[in-house]
Structure formats: C-alpha cells, structure tokens
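The values are calculated or read from the model by the stated rules, or taken from the named source; none is laboratory data. Since the model is a prediction, treat every value here as computed from it, not as a measurement. Glycine also receives a Cβ, built like all others from the backbone with ideal geometry; neighbour counts cover every protein chain displayed. Accessible surface areas use protein heavy atoms only, side chains included; no ligands, DNA or RNA. Shrake-Rupley method; radii C 1.70, N 1.55, O 1.52, S 1.80 Å.
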Amino acid sequence: MFSVSPAFWKLFPEVKIAIITVHNINNQDRTQVPDSVLQHANEIAPTLIPDEPISNNGIVRAWRDAFRKFKTDKGARSAIENLLKRAKNGNPVRSINPLVDIYNSVSLEYGFPVGCLDLDKVNGQLEFTVANGTEHFSAIGENDDEIALPGEVIYRDDTDVTSRQWAWRDSSRTEVTETTKNVVMYMECLKPEWQVQYRNAIACLERRLKNYLNTTCTITFVSTAKSSTQFN
C-alpha cells in the first residue's frame, strides 16, 4: 500500500503522484541503454531552464516555493533542480545503471523528478507524509544515522525514512543497485498546469522501460481525491 497523509495534503492539495511498479528487471547489462539516451537528455535539460539566474525559471521557482512550505536543511533543493542545474553547468549526469539512466533521462528531458526504491527492500507500507522529528534515516554513501526534522516532507516505510525533504536525499537501505530486480517509482506533478508535460513524461518512461529493459510497468495515481493505492 502507498498512501499520502492528510498533513501533506494540507500543504500541497494540488499535487498528483504517479506510482509506478516494475518487475523482473535485468539491471546489470549496461549495453541495454545506449549512451546516446542520457547524452541527449543532458543536452535537452538546459532548454528547460534557459534564464539566469536559475531561480527565474518556472520549474525552479515553483519547487523552491514548495520547499519554503516545510522544514529543510540549509541549501536543500529539489531533486529536479539539482539534475537540471548539473546539465546546464556542463557537469552532465553520468551513467549509473540501466534503470537509473532511464529515469534520469526522463527527468532531464521533461523536468519531473523520479524517485525509485528497490521494492524487495521496502518494508510494509510506503507513505508520503510530514515528519514528526523521530524518524531515522541513513543516506546513500554515508554511515551516520540521521533524524528527520520535525515538519519536513518525507517518504517512509514501516522501518524508517526512504527519502528526506521530499526526494532531496535517498536512503542507502532501499537504494537501486545493479542487483535490483523489482522497483517502485514515484513521479510528482507539483502544479495542475504541468499535466500535459507530466503525462508525456510518464509515457516516455513507460516506453523506455519497454524498449530498453523489455519490461512493462503498472501505473496508478494518487491525489486528494484518492489518497492511497496498492502496489506489489
């Protein structure tokens, strides 16, 4: 089960979230995804944020406004701002593994963040909520245990936090690796006027999963009208 808490909807009633599950992935063969896919995406990304300073661009401004509504660490930015900024500054997003390369390419081309968890490492229910300040978290690449800030937006399962401050940092426990076989992904649409581009991004993700990994996905949506959905 994936659910969104009333505390989140109170802050962001217009958000829509796609929950995408994918099974039986071969995430080890790097030849499955041509280098040109990520290269092209890195070239497209700067066209989404052409203005200077970067905060003058609609995508960045909207996400920064959203981050001001909840508690964050100093300097925390949305995942999509970080990706787009890297590409624009000549520091292209590099290949990690086939699955990550696919969803990063979609984010770079369409301007929507994609979170991804190893489904076999998710414990129980997955929830998008507001932290009370007692939830534990261990970031990718770090050994220290952290405690979420009271009031920050988090993804969590029955064990602990899987993504802090929306999807600014991800948990090492549920990280997608080359041995990952099954995943649950989430893609948020922050503003209603982005719906057409959002649907195009989801369709592109679905198409690339089919074309490059020869796998299909299951997609459901969560909003204030439907605050939970099953995934497996």
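Things worth noting here:
- Nonlocal amide H pairs with residue 96, under 5 Å, H built at 1.01 Å: 101
- Contact order relative to length of the range 1-100, as percent, for alpha carbon pairs under 8 angstrom and 6 or more apart: 35
- Put a plus charge on the Cβ of each Lys and Arg, a minus charge on the Cβ of each Asp and Glu, and nothing anywhere else: the dipole of the chain about its Cα centre is then about 620 debye.
- Relative packing of 9-19, 86-96, which averages over residues the other C-beta atoms within 10 Å, highest first: 9-19, 86-96
- Per-residue Karplus couplings for the range 156-163, computed as 6.51 cos²θ - 1.76 cosθ + 1.60 with θ equal to phi - 60°, are listed in order as 8, 10, 6, 8, 6, 6, 9, 8 Hz, Gly and Pro entered as x.
- Scalar couplings 3J(HN,Hα) for the range 121-129, obtained by applying the Karplus form with A = 6.51, B = -1.76, C = 1.60 to θ = phi - 60°, are 9, 6, 9, x, 7, 10, 9, 9, 8 Hz; x denotes Gly and Pro.
- The H on the amide N of residue 169, modeled in the peptide plane, is under 5 Å from the matching H of 164, each at least 5 residues off or on a different chain.
- Charge-dipole axis of the range 91-231 as Lys and Arg at +1 and Asp and Glu at -1 on Cβ define it, positive-most pick from 218, 137, 155: 218
- By the helix-only formula, in which each DSSP H run with n ≥ 4 contributes -39500 (n - 2.57) and the sum is divided by residues, the chain has a 222 nm mean residue ellipticity of -9000 deg cm²/dmol.
- Here the range 128-200 and the range 49-75 have alpha carbon centers that stand 18 Å from each other.
- Across the range 111-120, rounded Karplus estimates of 3J(HN,Hα) from the backbone phi angles (6.51 cos²θ - 1.76 cosθ + 1.60, θ = phi - 60°) give x, 10, x, 10, x, 8, 10, 5, 4, 6 Hz, Gly and Pro being marked x.
- For the range 14-111, alpha-carbon Rg over 2.2 N^0.38 Å: 1.20
- Rolling a 1.4 Å probe over the protein heavy atoms gives the range 106-189 an accessible area of 35 Å² per residue.
- Using every pair of separate Cα atoms, the Kirkwood estimate puts the hydrodynamic radius of the chain at 17.9 angstrom.
- Residues whose amide H comes within less than 5 Å of that of residue 231, counting only those at least five positions distant or on another chain, are 2 (H built at 1.01 Å from N in the peptide plane).
- Mean sequence separation of contacting Cα pairs (under 8 Å, at least six apart), scaled by the length of the chain, corresponds to a relative contact order of 36 percent.
- Cα centre as origin, Lys/Arg/Asp/Glu Cβ charges: the range 149-203 dipole, Debye: 140
- Sequence ranges 210-218, 116-124, ranked by mean other-Cβ count within 10 angstrom, highest first: 116-124, 210-218
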